[in-house]
1. Quick check: is even one residue across segment 209-223 among the charged types (D, E, K, R), crowded, with 19+ Cβ neighbours inside 10 Å and closer than 24 Å to residue 390 by Cα?
2. Return the only residue of 364, 359, 408 being within 28 Å of the chain's Cα centre (by Cα) and assigned to a loop (DSSP other than H, G, I, E, B).
3. Within segment 133-154, can one find any residue that is part of a helix (DSSP H, G or I), under 29 Å from residue 598 (Cβ atoms), in contact (Cβ under 8 Å) with a residue 40 or more places away in the chain and touching a helix residue (DSSP H, G or I) at 6+ places or on another chain (Cβ under 6 Å)?
4. Looking only at segment 63-98, count how many residues are outside any loop (DSSP other than H, G, I, E, B) and in contact with a Pro (Cβ under 9 Å, 6 or more places away or on another chain).
5. Just to be sure I understand the filter: pairs with C-beta atoms under 8 Å, separated by 6 or more residues or on different chains, first member in segment 218-234 and in the same structural domain as residue 156 (by TED's automatic domain parsing), second member part of a helix (DSSP H, G or I) and of a type in the set (Phe, Trp, Tyr). Which pairs pass?
6. Run residue 308 past the list (1) surrounded by 14 or more Cβ atoms within 10 Å (Cβ to Cβ); (2) outside any helix (DSSP H, G or I) and report the number of the one that doesn't hold.
7. Cβ-Cβ below 6 Å, separation at least six or inter-chain, first residue in segment 72-90 and under 19 Å from residue 127 (Cβ atoms) and buried (at least 19 other Cβ atoms within 10 Å of the Cβ), second of a type in the set (D, E, K, R) and at pLDDT 95 or above: which pairs?
8. Those residues that are charged (D, E, K, R) and exposed (fewer than 12 other Cβ atoms within 10 Å of the Cβ), I need them from segment 345-358; list them, please.
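The values are calculated or read from the model by the stated rules, or taken from the named source; none is laboratory data. Not measured: the values here are computed from a predicted model. A quick note on method: Cβ atoms are made from the backbone with ideal geometry, for glycine too, and the neighbour counts reach across all protein chains shown.
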Amino acid sequence: MPRLRPICLSLCLALAAGLSACSPAPEPAAAPVAAASQSAAQQLNTLYADFWEEGLQLNPVQATFQGDHRFDDQLPDFGAADYRAQVHAYQQRWLDAARAIGEEGLQGQDLLSYRIFVSERELALEGERFPGWMLPVSQMDSLASYAVLLGSGQSAQPFKTVADYDNWLARAARIPVLIDTEIANMRQGMAAGVVQPKVLMSKVIGQMDAVVKVDGAANSLFWGPISTMPADFSEADRERLSAAYTQLIDTQLLPALRKQRDFIANEYLPACRDSVSLGALPDGAAWYAYNARQSTTTAQTPAQLHATGLAEVARIHGEIRQVMAQVGFKGTLQEFFAFMQSDKQFEFADEAALLAHYRALEARVGAKVPELFSLTPKAAFEIRPIEAFRAESAAGGEYMSPSEDGKRPGIFYVNTFDLPTRKTWDAEDLYLHEAIPGHHFQLALQQELTGLPAFRRFGGQTAFIEGWGLYAESLGRELGVYTDPYSYFGRLQGELWRAVRLVVDTGLHDQGWSREQVLAYMKANSSVSEPDAVAEAERYIAWPGQALAYKTGELKIQQLRRKAEQELGEKFDIRAFHAEVLKDGSLPLDLLDTKLQAWIASQQG
């Protein structure tokens, strides 16, 4: 089911996009000089490596999430004008350098890498036309939430050595600077008419209150590293760090976050808009069309995506009616949806039972994986509940990629908030999507492809990543789950939900639907609970276009599998097909199509 974007691509990718940053700026790397003795492929691989290294210096938070801890004390001012100018120069300079080498003579992975690199740089530069920096805060993205994730001691920022603790002191001391920039940028947005919808920002105030309404440092969410300080620290270090963290939290972090909270409540919220469509903003229609292209890696228009969504909703409704007949349900589709949401048999007894259920799924699915997959990741994997402070606004499940060094496993976060709404029939499809063989297989494997340039190992296209996650849900019966009709309904409901997303995201931002129209469509056409319906509708408002990726990517992978099965017949090997899809990491959908068409042809000989 739905994923929170910061962990939908992994937290490091979201921070790369949403918290883009600047400390002192790194010295720009010179574009590599072509050497006569080097091939174009060798020159480009050197270029990609230098590009990536410079990018980690520009965004040290991304480096932290990848397990590269050289810059753990740094936090650039992501929204500042000089930083945005730096990023522009960075993208343009490396694009020009790659074009100067060109693609002539490149083959295989080298040609894929070149085309992806150039396309991504071009798309990033095109996107500078749209002032996303004026909208730095929503209920899905805020510096307050990211600061707590990093500073709580429960995420990617390490707290194992004294140096780790000092690194966070230095990094966190920068947060007030970033907050001042965000407030200034939001004021510019107010003047330009580029502001968030009121319905989103009212949620932000509650989220920030959970962080700032505390009595003293020791009661704050930032105190975690002190309460769990390693026992081998000297007494002098323990005293020094405790005092330093008290001062940091009480005199810097909490006052800055309270300042932003009060600005939003008293100045920004009254200036926010009643509309919810991106199209209502200046240049909004073009902005949304850009987001749709970026999200789907296709040239499909919002109107075409809307039509696809309507057709898929109708098809899946037909399959759900077959489940209704199988279980002997007498009533309408909407009555069946209501039954699936309200009947007590589908509730977990408590949080422990929910987590135990998911851990049992890990064992069941794992036993069948070798029948479908020859290529699996080496990275460890574990299941955790979503932290309480953000659970109310989070999706039903999220995935965080493992760190490159292997010290942090891939993590499947399960939401246990409002437990009666977390249904037993929703567990199997959610696990397959977020965990195994969904995001954990695809994202962890991609990181382990050490022969690929880093921008491919740690980057990716949402349509491929989320398309694979949704495709993974379709494998349930082959993996030993969906053994009862209600769990299979969960799979259909999950697929239906992504089809509904195509309809409502384009409805919101291209066709002028209201939030109320979106909620009504969801309730009439799916088995969504009230909390999930509200959270999802507001997610689409906050992230225009992101939800289009799922069904678009899944439909492409399903289309390619059907083509392979039809053309190869008895020669079709599902393990080989999955390896071919996954072995090169995330690809734009047109390149995936080209690659799989060539693979099918190669298997026919």
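1. Taking segment 209-223 and keeping what is among the charged types (D, E, K, R), we get 209, 213, 215.
Subsequent filtering for residues that are crowded, with 19+ Cβ neighbours inside 10 Å retains none.
So far as segment 209-223 goes, no, none of its residues is among the charged types (D, E, K, R), crowded, with 19+ Cβ neighbours inside 10 Å and closer than 24 Å to residue 390 by Cα.
2. On the way: 364 fails: assigned to a loop (DSSP other than H, G, I, E, B); 359 fails: assigned to a loop (DSSP other than H, G, I, E, B).
Result of the check over 364, 359, 408: 408.
3. Residues of segment 133-154 part of a helix (DSSP H, G or I): 133-134, 143-151.
From what is left, the residues that are under 29 Å from residue 598 (Cβ atoms) are none.
Within segment 133-154, not a single residue is part of a helix (DSSP H, G or I), under 29 Å from residue 598 (Cβ atoms), in contact (Cβ under 8 Å) with a residue 40 or more places away in the chain and touching a helix residue (DSSP H, G or I) at 6+ places or on another chain (Cβ under 6 Å).
4. Residues in segment 63-98 being outside any loop (DSSP other than H, G, I, E, B) and in contact with a Pro (Cβ under 9 Å, 6 or more places away or on another chain): 7 in total.
5. 221/389; 222/245; 223/245; 225/165; 225/168; 225/245; 226/245; 229/165
6. It fails just one condition, (2).
7. Pairs found: 79/182; 83/77.
8. So in segment 345-358, the residues charged (D, E, K, R) come out as 347, 350-351.
The answer is 350, and nothing else.
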